[in-house]
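The values are calculated or read from the model by the stated rules, or taken from the named source; none is laboratory data. A quick note: this is a predicted structure, and the numbers were derived from the prediction, not measured. With ideal geometry, Cβ positions are generated from the backbone for all residues, glycine too; neighbour counts draw on all protein chains shown. Each accessible area value is taken on the protein alone, full model and side chains, heavy atoms only, with ligands, DNA and RNA left out. Shrake-Rupley method; radii C 1.70, N 1.55, O 1.52, S 1.80 Å.
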Amino acid sequence: LRFRVMDLAGQAVYESTHQYFLQRRAVYLLVWRAYPVQDGRLNVLTDRIRHWLEALQMRIPGAQLMLVVTHIDAVEAAALDEQCRRVKEAVQLCLNSIRGWSSDESALRVEVFQGGESQRVNCLLGEGVAKLRSNLINFSLA
């Protein structure tokens, strides 16, 4: 198993270049940051998640996607749980919408690891990194 990692940067200014890096036989990590205050950032985040899911579906039907949340040490456990729940809910809503794009049940659709459950990582302490690595390898081989 061989990995090549590319950071596509989530900023809109780079969006026109993303299409050149999307390819089959890849696992995409959608990395998002937990915030202690939800001052509208979560709505922007869920919009971006929808954008990426739809972009992957249009360009690479059947693409594999895993969500990763960082900075988990910066928020209270209950707030992190709520943010992860809302992200997963946004993923599920988008996947349901994508299913409606085609009546062909055999059509390939974006595959999201654990239905949109975010892998929780604290890079400062290395918390969650081993689990992320293991899940990424298993998801890649599936």
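Here are some notes:
- Residues located in region 11-40, provided they are modelled with pLDDT of 75 or more and β-branched (Val, Ile, Thr): Val27, Val31
- Pairs with Cβ under 6 Å, 6+ apart, first in region 49-62 and closer than 13 Å to Tyr28 by Cβ and modelled with pLDDT of 85 or more, second part of a helix (DSSP H, G or I) and open to solvent by 10 Å² or more (accessible area, probe 1.4 Å): Ile49/Ala90
- Of all residues making up region 79-107, the number that are at pLDDT below 90 and either open to solvent by 70 Å² or more (accessible area, probe 1.4 Å) or in contact with a His (Cβ under 7 Å, 6 or more places away or on another chain) (or both): 7
- Residue that is modelled with the lowest pLDDT, among those in region 118-127 that are within 16 Å of Trp32 (Cβ to Cβ) and open to solvent by 60 Å² or more (accessible area, probe 1.4 Å): Cys123
- Search result, residues across region 109-138 that are in contact (Cβ under 8 Å) with a residue 60 or more places away in the chain and hydrophobic (A, V, I, L, M, F, W, C): Leu132, Leu136, Ile137
- Residues in region 46-78 that are open to solvent by less than 30 Å² (accessible area, probe 1.4 Å) and part of a helix (DSSP H, G or I): Thr46, Ile49, Leu53, Ala55, Leu56, Gln57, Ile72.
- When the test is whether a residue is open to solvent by 30 Å² or more (accessible area, probe 1.4 Å), of a type in the set (Val, Ile, Thr) and either in a helix (DSSP H, G or I) or closer than 22 Å to Arg2 by Cα (or both), Val37 does not pass it.
- Top-ranked residue in region 108-117 [being assigned to a helix (DSSP H, G or I) and open to solvent by less than 80 Å² (accessible area, probe 1.4 Å); ranked as nearest to Ala142 (Cα to Cα)]: Phe113
- All of (1) outside any strand (DSSP E or B); (2) within 21 Å of Ala26 (Cα to Cα); (3) open to solvent by less than 30 Å² (accessible area, probe 1.4 Å) hold for Ala130 with one exception: (3).
- Check on Gln92, in contact (Cβ under 8 Å) with a residue 40 or more places away in the chain and among the polar types (S, T, N, Q): no
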